[in-house]
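Asks: I'd like to ask some things about the structure below.
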Amino acid sequence: MILMSRAEFGVVIGVILLLIALVLPAVQQAREAARQSTSKNNLRQIGLACANYHDAHKCLPPGGVIREDDVALHGWITMLNPFCDPSPYTNDMLSFQVPWDQEQNRVVLEQPRPMVKIPGIDSQFTSQAYSLTHYLGNPHLFYRNSNVTFKQMENGTANTWLAGKVAGNYQPWGYPFNWRPLGTKLCAGLDSYGHLPWRGGHLLFADGSVSFFSEQTSDVILEKFAAAPPVPTAEQRAVPDRQFVTEGIFWKKVPLQSNPQAKHIYYARVLRGKTAAPLKLEVFSNFNPEQIRDEEPVKGIFTMSFFLFSIDKTTDIPAALNTATLVEESSPQQFQANVKRLQAIQQELPRNDSRQ
């Protein structure tokens, strides 16, 4: 056996720490480069979806559909869904006649849309469980009940910005007011555009091109982009004074017991905040992969989760579970175990829904 002296051991540890110090920045740099590439690709997909929407409707989607009584229904990102990559959660599952944040729309708007998110950003959901967008639109093109055409862009589509990555204060992708002024400097606070680790950010232009601008970009250039016509009125561009709670919000999956040979498997999702206290509790099912091996998947339906019900402080959990197929696909002992597990979480839920 070879024994090292304390000095030799210290040298070895020093070499290891030095190697770690040298490697970690390179790893972080590679991660950020990958995220930049993902962001650029996301914006290209948004640009393609906007172009396809324009081909179909002869204009860009409205920034937000707002009724005459000032009730906000849905926004431009939601309108683009049929023109994006296929998803099991489609606009057919939305009710466009009622506001975006009504219960019947929740199951879709809680689902992440990869096209409008960047991996590695901590903020992914609001405290009400809505999935976020990390991109917002140009308020000269997307505003209340807008119907802007490419022909109205007097500076040309190549010089008219369409959307970009924002630095913070993210909003739900289904929110009907997903636009923000460009400003005169990138990475200048949470309400600006850009991404601080990149020291700049990408902008999507109406011709589908995507360009990176550093935080040192001249304010003259940004002002020119920001002022490009068409220019709607201040009233058309107005947004509610609302900021969503997004920091430290995450979902945790809680398996529920059922028979292994059952057609479905069941689980609860618990939304937790900074203190890890539960904010929201929902129950889902999906097909048991062990029971559908020989069946042909149809448009991702076998990997799709089916929302069953939400649980709040007043929910009768045994009664709610009795309305779901879980009661038929679990033994009495499993059923009671599920009730107790959900009730334990229910006791920690807040008494009112004052969260944003």
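Asks: Of the numbered conditions (1) open to solvent by less than 20 Å² (accessible area, probe 1.4 Å); (2) within 30 Å of Met153 (Cα to Cα), Val108 fails exactly one; give the number of that condition.
Replies: (2)
Asks: Then there's this: Run down Pro99, Pro197 and say which single residue is part of a loop (DSSP other than H, G, I, E, B) and open to solvent by 20 Å² or more (accessible area, probe 1.4 Å).
Replies: Values: Pro197 fails: part of a loop (DSSP other than H, G, I, E, B).
When all the criteria are applied, what remains is Pro99.
Yes/no matrix, rows are residues, columns are (1) hydrophobic (A, V, I, L, M, F, W, C); (2) crowded, with 21+ Cβ neighbours inside 10 Å; (3) out of contact with any Asp or Glu (no Cβ under 9 Å at 6 or more places or on another chain); (4) under 24 Å from Thr275 (Cα atoms):
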site	(1), (2), (3), (4)
Gln124	no, no, yes, yes
Asn138	no, yes, yes, no
Arg144	no, yes, no, no
Val148	yes, yes, yes, no
Lys151	no, no, yes, no
Gly168	no, no, no, yes
Leu186	yes, yes, no, no
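Asks: Restricting to the range 243-257, and then to whatever is part of a strand (DSSP E or B) and charged (D, E, K, R), can you tell me which residue is nearest to Ala337 (Cα to Cα)?
Replies: In the first step, residues of the range 243-257 are kept if they are part of a strand (DSSP E or B); the result is 250-255.
Then drop every residue that is not charged (D, E, K, R), which leaves 252-253.
On the way: Lys252: 19, Lys253: 16 Å.
Filtering first and then ranking leaves Lys253.
Asks: Could you please tell me which pairs satisfy a Cβ distance under 7 Å, a separation of 6+ or placement on different chains, a first residue in the range 143-162 that is assigned by the TED database to the domain that holds Lys58 and farther than 12 Å from Ala228 by Cβ, and a second residue that is buried (at least 22 other Cβ atoms within 10 Å of the Cβ) and of a type in the set (Gly, Ala, Ser)?
Replies: Tyr143/Gly63; Arg144/Gly63; Arg144/Gly64; Ser146/Gly63; Phe150/Ala206
Asks: Go through the range 102-155 and count every residue that is assigned to a loop (DSSP other than H, G, I, E, B) and of a type in the set (A, V, I, L, M, F, W, C).
Replies: First pass over the range 102-155, keeping only residues assigned to a loop (DSSP other than H, G, I, E, B): 102, 110-113, 117-124, 126-130, 134, 138-143, 145-149, 153-155.
Subset that is of a type in the set (A, V, I, L, M, F, W, C): 118, 121, 129, 141-142, 148, 153.
The number of residues fulfilling the criteria is 7.
Asks: Of the residues that make up the range 82-94, is at least one over 26 Å from Pro229 (Cβ atoms), touching a residue at least 60 places away in the same chain (Cβ under 8 Å) and under 15 Å from the mean Cα position of the chain (by Cα)? Reasoning before the result, please.
Replies: Narrowing the range 82-94 to residues over 26 Å from Pro229 (Cβ atoms): 82, 84-94.
So of that shortlist, the ones also touching a residue at least 60 places away in the same chain (Cβ under 8 Å) come out as 86-89.
Keeping just the survivors that are under 15 Å from the mean Cα position of the chain (by Cα) gives 87, 89.
Yes, because at least one residue in the range 82-94 is over 26 Å from Pro229 (Cβ atoms), touching a residue at least 60 places away in the same chain (Cβ under 8 Å) and under 15 Å from the mean Cα position of the chain (by Cα).
Asks: Could you tell me how many of the residues in the range 306-333 are buried (at least 17 other Cβ atoms within 10 Å of the Cβ) and in a helix (DSSP H, G or I)?
Replies: 4
Asks: A follow-up question, please. Any residue that is over 17 Å from the mean Cα position of the chain (by Cα) and among the β-branched types (Val, Ile, Thr) - is there at least one of those in the range 162-180?
Replies: No.
The values are calculated or read from the model by the stated rules, or taken from the named source; none is laboratory data. Not measured: the values here are computed from a predicted model. Glycine gets a Cβ as well: all are built from the backbone with ideal geometry, and neighbour counts include every protein chain shown. In case anyone asks, the SASA skips ligands and DNA or RNA and just uses the protein heavy atoms, side chains included. Shrake-Rupley method; radii C 1.70, N 1.55, O 1.52, S 1.80 Å.
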